[in-house]
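Accompanying notes for the structure given below.
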Amino acid sequence: MDPADRGQPEGAQPSRRWISLLLGSGVLASIASFLYPAIRYIIPPPLAESSSRSVVAAKVGDLKNNSGVVFKFGSEPGILVRLADGQYRAFTAVCTHLSCTVQYRADLREIWCPCHNGLYDLAGRNVSGPPPRPLQAYEVHIQGEDIVVSRSA
Amino acid sequence: MRKTIPSLVVLLVAIASPLAAAPKNSCLTCHAELEGPQGEPAKKFPSDVHNQAGLGCADCHGGDPQDDSMTAMSPAKGFRGAPKKTAIPEFCGKCHSDSNYMRRFNPGLRTDQLSQYWTSVHGKRLRQGDAKVAACVDCHSVHDILAVTDTRAPVYPTNVATTCARCHADAAYMKGYNLPTNQPAQYAKSVHAHALAQGDTSAPTCSTCHGNHGAAPPGVSSVENVCGTCHVINQQLFEKSPHQAAFAKMGLPACVQCHSNHEIVPPTDAWVGVGSNATCIQCHAAGDKGYAAAQRIAGDLAKLETFYQRAEDVLNTAERSGMEVSTPRVELVSAHGDLIKARVEVHSFNPGEVQKFTDEGTDISQKAYQAGVVALRERDTRRKGLGVSLIFIVLAIGGLYLKIRQMESTPANRH
């Protein structure tokens with residue numbers, strides 16, 4: 001067919017092909033960029049999920065009476081303590097003195113900071129040594145088999 | 001009407017009965033009308049903790065508060081008047097050293113203040129007739145005495161330094177005692193004063209180290225015990241270190257030698273080592289064993305600090321870029337703990353022991369740093385991907401625009 005019959009000048013053909021190529025590749029790349037996040041969402045990266053409000057600190061039965069465990073709570077460590085009577089309590093594990101990680105001392109039945117021998121009672125109150133303030137307390141709930149620790153509202 | 005009158009009488013009696021129950025106190029009645037020092041006690045006394053406990057003027061000063069005349073203040077009525085300065089401790093101690101009496105008001109209150117006071121520098125000097133030294137009323141005030149737990153009391157923890165400074169910062173008043181008067185100003189710069197100002201009422205003030213009723217400077221040999229009441233690990237490490245015997249031999253006060261006594265500012269790593277700010281070079285010189293140990297400890301601390309800071313910076317950058325780095329962030333908390341523990345371990349003055357913590361912390365910091373680098377690499381990949389996709393999206397939009405224009409310019413569409 002004569003190009004003139006199609007109402008197009010002869011020199012316009014390469015230009016049209018170029019536009020179609022541009023359009024096609026642009027559409028394909030756009031589709032790829034739309035799909036990429038969806039695929040990454042379905043297959044998450046090998047990094048642990050962060051939760052700032054609540055976290056499963058342990059499973060029921062993980063802790064025996066008069067023991068404690070340090071767990072990851074967002075970007076900070078937290079401490080879950082099971083008292084001698086079976087009750088659970090949770091606090092931030094960041095010492096209020098110089099931000100060392102505290103731990104539970106079953107022999108003292110207190111929360112202890114190994115850096116400067118700071119002691120907190122089981123209500124989180126600073127009772128001995130240099131810590132200037134109590135530990136921030138968290139709420140503990142048992143949900144099925146999970147011990148869920150939440151920041152207070 | 002017959003019923004109303006007895007009811008009114010009962011009501012008036014009920015209203016008046018508390019007033020009738022209040023003991024008569026002619027001392028307050030008369031002294032309230034006086035001006036100057038004689039009127040002052042009556043104006044102050046209503047806020048006094050003794051008044052709140054139901055005690056009156058006569059309980060301390062004797063006399064007869066039921067008597068409205070001047071005979072109320074006669075020796076015959078047991079009037080003792082105001083005690084001389086040197087008699088004040090015994091005056092207050094008459095009740096405050098009596099356990100049976102004090103139990104009626106506050107069973108938990110100690111009753112050994114007077115015996116402690118006589119062991120203090122103040123008490124010893126008072127016994128020698130020095131009326132300038134502090135006795136009970138100089139610290140607790142008089143006639144408007146507040147409970148120690150009252151935040152307005154001059155002996156409440158946050159007010160103690162100001163109370164002591166009233167005399168101890170007054171160069172003219174302290175003249176002749178051969179004591180510096182800059183301690184309150186030095187203390188005000190200390191980490192302890194700062195903690196107290198921040199609301200930590202357990203932070204040490206003057207009386208924590210010097211005692212309150214038995215106030216005296218701690219002896220050179222007991223400094224580490226006094227500091228060790230809070231800084232237990234530091235004390236234990238120091239006592240096992242070669243410095244304890246060396247300091248004792250030289251008559252140097254343990255903690256004070258490096259940390260000062262009143263101006264205890266937050267220590268820095270620059271205090272350790274052989275730099276110009278290092279305390280070690282006060283005694284150690286190049287070539288001796290202590291100098292080499294100080295150099296090694298300072299190097300290890302600096303290494304951990306550098307690695308920790310590098311990891312902290314990269315994780316901060318990654319976090320600000322929206323990357324999930326909470327796991328290495330939590331791990332880095334352990335490295336921070338190692339840095340603090342290493343600084344405490346400095347009190348052993350044993351480079352090998354310090355290095356255990358610095359090595360562990362450095363290792364954790366390196367891993368956290370690597371995790372941060374990986375996160376930043378992932379961020380860069382995403383940014384590049386976004387950039388490339390944006391280019392293609394722009395190209396697609398441009399292509400669409402041109403295609404539409406081309407379609408519009410064909411003759412078939414024009415007609």
### Query
Counting partner chain Cβ atoms within 10 Å of every residue's Cβ in A:75-82, what's the average?
3
### Task
Could you sort A:79-90, A:54-65 so that the peptide with the highest average Cβ count within 10 Å comes first and the rest follow in order?
A:79-90, A:54-65
#### Entry: Part-to-part distance (alpha-carbon centres) for region B:343-395 and region B:143-198, which is given in Å
47
### Task
Extending each Cα 7 Å along its Cβ direction at B:D67 and A:S20, get the distance between those two points in nm, one decimal.
12.7
### Task
Using only alpha carbon positions, build the gyration tensor of chain B, then give the equivalent ellipsoid semi-axes as the square roots of 5 times its eigenvalues, largest first, whole angstrom.
68, 41, 18
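Add -39500 (n - 2.57) for each DSSP H run of 4 or more in chain B, then divide by its residues: what number comes out at 222 nm, to the nearest 500 deg cm²/dmol? Kindly include the intermediate steps, with their values, before the conclusion.
Numbers: 23 runs with 246 residues, N = 415.
For chain B, the value works out to -18000 deg cm²/dmol.
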### Query
Under a no-solvent Debye model with one identical scatterer per Cα of region B:30-96, what's log10 I(q)/I(0) at q = 0.14, 0.15, 0.22, 0.26 Å⁻¹?
-0.46, -0.53, -1.16, -1.40
### Task
Take chain B, connect every pair of alpha-carbon atoms lying under 10 Å apart with a spring to form a Gaussian network, then pick out the residue of B:A42, B:A396, B:A342 with the largest mean-square fluctuation.
B:A396
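Tally the DSSP beta bridges in region A:54-150 and give the antiparallel ones as a percent, rounded to 5. Could the numbers behind the result be given before it?
Working: 33 of 33 bridges.
Of those bridges, close to 100 percent are antiparallel.
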### Message
What number does region A:54-150 give for Rg over Rh if you use C-alpha atoms and the Kirkwood radius?
### Response
0.95
## Note on the structure
Output field shielding_mean for B:335-346 (other chain Cβ, 10 Å radius) holds 4
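Take each uninterrupted DSSP H stretch in chain B, measure its Cα extent along the helix axis, and return the ones at 20 Å or beyond whose mean Kyte-Doolittle hydropathy is at least 1.6. Working shown, then result.
Details: long enough: B:4-21 (26 Å, 2.14); B:289-320 (46 Å, -0.58); B:326-345 (28 Å, -0.13); B:351-409 (84 Å, -0.12).
Sorted by number, the helices that extend far enough and score high enough are B:4-21.
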### Task
Give me D for region B:97-175 in µm² s⁻¹, whole number, from Stokes-Einstein with Rh from the Kirkwood sum over alpha-carbon pairs, 10 °C and 1.306 mPa s.
112
#### Entry: Förster radius 56 Å - calculated FRET efficiency between A:R109 and B:T29, Cβ distance, rounded to 0.05
0.45
### Summary
Any lysines whose Cα falls less than 27 Å from that of B:K43, other than same-chain ones fewer than 8 residues away, would be B:K24, B:K77, B:K84, B:K85, B:K94, B:K132
### Summary
The orientation-averaged projected area of the Cα convex hull of the protein assembly as shown, in nm², is 56.8
#### Entry: Spin-label pair A:K64/B:N225, simplified geometry with 7 Å Cα→Cβ offset, distance in nm
4.0
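Counting only other chains, what is the mean number of Cβ atoms within 10 angstrom of the Cβ of each residue in peptide B:386-394?
Details: counts 3, 0, 3, 8, 3, 2, 10, 6, 2.
Per residue, the number of nearby Cβ atoms from other chains is 4 on average.
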### Task
Please build a GNM for chain B, connecting alpha carbons under 10 Å apart, and tell me which residue among B:L390, B:L146, B:L304 fluctuates the most.
B:L390
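No lab work stands behind these numbers, since they all come straight from the coordinates. Being a predicted model, the structure only gives us computed values, none of them experimental. Cβ coordinates were reconstructed from backbone atoms using ideal geometry, including for glycine residues, and neighbour counts include every protein chain displayed.
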